Structures are given as structure tokens and as C-alpha cells.
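The structure under discussion appears below in the form of C-alpha cells.
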Amino acid sequence: KAGVTQTPRYLIKTRGQQVTLSCSPISGHRSVSWYQQTPGQGLQFLFEYFSETQRNKGNFPGRFSGRQFSNSRSEMNVSTLELGDSALYLCASSLDLAGLGGELFFGEGSRLTVL
Amino acid sequence: QKEVEQNSGPLSVPEGAIASLNCTYSDRGSQSFFWYRQYSGKSPELIMFIYSNGDKEDGRFTAQLNKASQYVSLLIRDSQPSDSATYLCAVIEWTGNQFYFGTGTSLTVIP
């Protein structure tokens, strides 16, 4: 059974640019959650998508957005990149809504560096 | 205000010893508690979850929950060098909307 796949794994951008990250969840999983991981802040929740709808959103500015397609694949977009956006972006899939307490399966992450 | 707090460590224990990892949370209505392990450069993976007060054992791992004290811990018995990783505590608060993760405790098991 294939795991959660995130692309690209590494990318370097400059301030002001925008970036799109992709996540393919485990087959049959309907929920995709996105997290930002930094050494100081740990894992910070960005948003969760379920059945193509954003169900929950963390405390991030509107520059961070996402969407989910009918096949449950998800993308997140960060516009007008800032140096502080440098982080590991993790995608996690689950069978049902994450808040129901099921296991989160994480991808390997996309490491974004903003110069 | 942080929802979930953990000592960042590093915590070092000798091989064969018991490693004790601690986590406190602020939302008294939290219902579900999880421990994830993250090896360096890898993604987090679930070790255990616990919903009820008391202890839950799974092999060398024991999760302990005390809702009155808003405290959850993970004990690793007979620690092995392969247990060296960062351990993340996660909590689902009462609204059931999302996971809140602690910043993690780095554990090193010394052979």
C-alpha cells in the first residue's frame, strides 16, 4: 500500500515568489491535513481538507491557501513568500476527519527554503 | 499560549534504562492523546494513543494519562539505540477540530 507522497521534496525560492506543494494521500483516505514544522515552533496546523472542502484552518495568514481535488489529492500554495516561511511542510492523510481521532499518516515533507 | 508543552531535551538515557517523556496540555476538555515518533530527517509516525485515564501498554511502550492534572507521559522500557528520535505529544482539543502538537522531546539512547 503506497504511503503519502509529497512533491517536491526540496525547493528554494526567493522572497516575493509563490510556491505550490502537492500531496497524494493514501488510497481511500479522504482527509488531508497540512502542517508547518520549524525547530522553534514544532508542528503548526495549517488546514485540513475533506471531500474537497476546507474543514479547519489554523492561525496562518491568507497567503497560505490550499485545495483538494476529487481524487483527494491536495495542494497548498504560499504566495508572496517571506524568509520566515522557510520550513518543512508536512502533509498527513487520514481515513476520516483528523479530529475524530484516527491515525495521521505523514508524508516525507517538502522542505522550503526562502532566500 | 501554547496548547501542548514538552521539555525539548535532549534527554539521554543508557541502553536498557527506562526513558520517561512528559507532556502537559492546557485545554481541560481535551479527549484524545497521541505520541508520535520522528527520526531525524523523517516524518512522524504514530506510536500510541490513549483516551482514558490510567495506563496503556503496548510492548515496551506505556502511555499514562492523568486528565485531572492535564498530563500525559510516555515510558519506554528497555530503551534501545533505535529509540533515539524526537517524540511528539499531540492532543485533540474538546471541539475535535484539530491536532495540537508539542514541540517534541529529543531522546538519545546511549549504547
*asked:* I'd like the Karplus ³J(HN,Hα) series for the stretch B:38-50: coefficients 6.51, -1.76, 1.60, θ = phi - 60°, whole numbers in Hz, and an x wherever there's a Gly or Pro.
replied: 10, 6, 4, x, 10, 8, x, 9, 6, 9, 8, 9, 8
*Could you list which residues have their amide H under 5 Å from that of B:A17, counting only those 5 or more apart in sequence or on another chain, with H placed in the peptide plane?*
B:S79
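Please find the FRET efficiency linking B:Y51 to B:I18, where r is the Cβ-Cβ separation and R0 is fixed at 22 Å, and quote it to the nearest 0.05.
The calculated FRET efficiency here is 0.40.
Calculate the dipole size of chain A relative to its Cα centre from +1 charges on Lys and Arg beta carbons and -1 charges on Asp and Glu beta carbons; express the result in debye to the nearest 20. It would help to have the intermediate numbers written out before the result.
On the way: 11 positive and 8 negative charges, 42 e Å.
Dipole magnitude for chain A comes out near 200 debye.
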*From the phi of every residue in the stretch A:98-115, what ³J(HN,Hα) in whole Hz does the Karplus formula 6.51 cos²θ - 1.76 cosθ + 1.60 yield, where θ is phi - 60° and glycine or proline is x?*
4, x, 7, x, x, 5, 8, 10, 9, x, 6, x, 10, 8, 9, 10, 10, 9
*³J(HN,Hα) across the stretch A:2-13 via Karplus (A = 6.51, B = -1.76, C = 1.60, θ = phi - 60°), whole Hz, x for Gly/Pro?*
5, x, 7, 10, 10, 9, x, 7, 9, 7, 10, 10
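Across the stretch A:27-67, how large is the tail of the calculated P(r) beyond 12 Å, expressed as a percent of all Cα pairs? Provide the component values of the computation, followed by the final result.
On the way: 493 of 820 pairs.
So the pairs more than 12 Å apart make up 60 percent of the total in the stretch A:27-67.
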*Considering every residue in A:88-95, what mean count of other chain Cβ atoms within 10 Å of its Cβ is obtained?*
1
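Could you work out, residue by residue across B:97-109, how many beta carbons of other chains sit within 10 Å of that residue's beta carbon, and then give the average as an integer? It would help to have the intermediate numbers written out before the result.
Working: counts 9, 13, 12, 5, 8, 2, 7, 4, 0, 0, 0, 0, 0.
For this peptide, the per-residue mean of nearby foreign Cβ atoms is 5.
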_Which three extents, in angstrom, do the Cα atoms of the protein assembly as shown have along their principal axes, listed largest first?_
48, 39, 35
*If we sort A:64-72, A:11-19 on the protection proxy, mean other Cβ atoms within 10 Å, highest first, what's the order?*
A:64-72, A:11-19
*Considering only A:R73, A:R63, A:R30, give the residue with the highest GNM mean-square fluctuation for chain A, with springs between Cα atoms whenever their separation is below 10 Å.*
A:R63
*Please report, for the Cα atoms of chain A, the Rg to one decimal and the Dmax as a whole number; what are they, in angstrom?*
13.2, 39
*asked:* Using the Cα centre of chain A as origin and beta-carbon charges of +1 (Lys, Arg) and -1 (Asp, Glu), tell me which of A:L43, A:G99, A:T7 is placed farthest towards the positive end of the dipole.
replied: A:T7
*asked:* Based on C-alpha coordinates, I'd like the Rg and Dmax of chain B, in Å.
replied: 13.3, 43
*How many Cβ atoms of partner chains, on average, are near each residue of A:42-54 if near means within 10 Å of its Cβ?*
3
*What is chain B's relative contact order, in percent, from Cα pairs under 8 angstrom and six or more apart in sequence?*
38 percent
*What's the extension gain from A:L83 to A:R63 if we count 0.36 nm per residue and subtract their Cα-Cα distance?*
5.9 nm
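Rounded to the nearest 20 debye, what is the charge dipole size of chain B about its Cα centre when +1 sits on each Lys and Arg Cβ and -1 on each Asp and Glu Cβ?
Numbers: 8 positive and 11 negative charges, 17 e Å.
It works out to roughly 80 debye.
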*asked:* Which one, B:S69, B:S40, B:P81, is farthest towards the positive end of the dipole of the stretch B:17-85 when Lys and Arg carry +1 and Asp and Glu -1 on their Cβ?
replied: B:S69
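Computed from the coordinates by the stated procedures, all read-outs in this text should not be read as laboratory data. All values derive from a computational prediction rather than experimental measurement. Note that each Cβ is placed from the backbone with ideal geometry, even for glycine, and that neighbours are counted across all protein chains shown.
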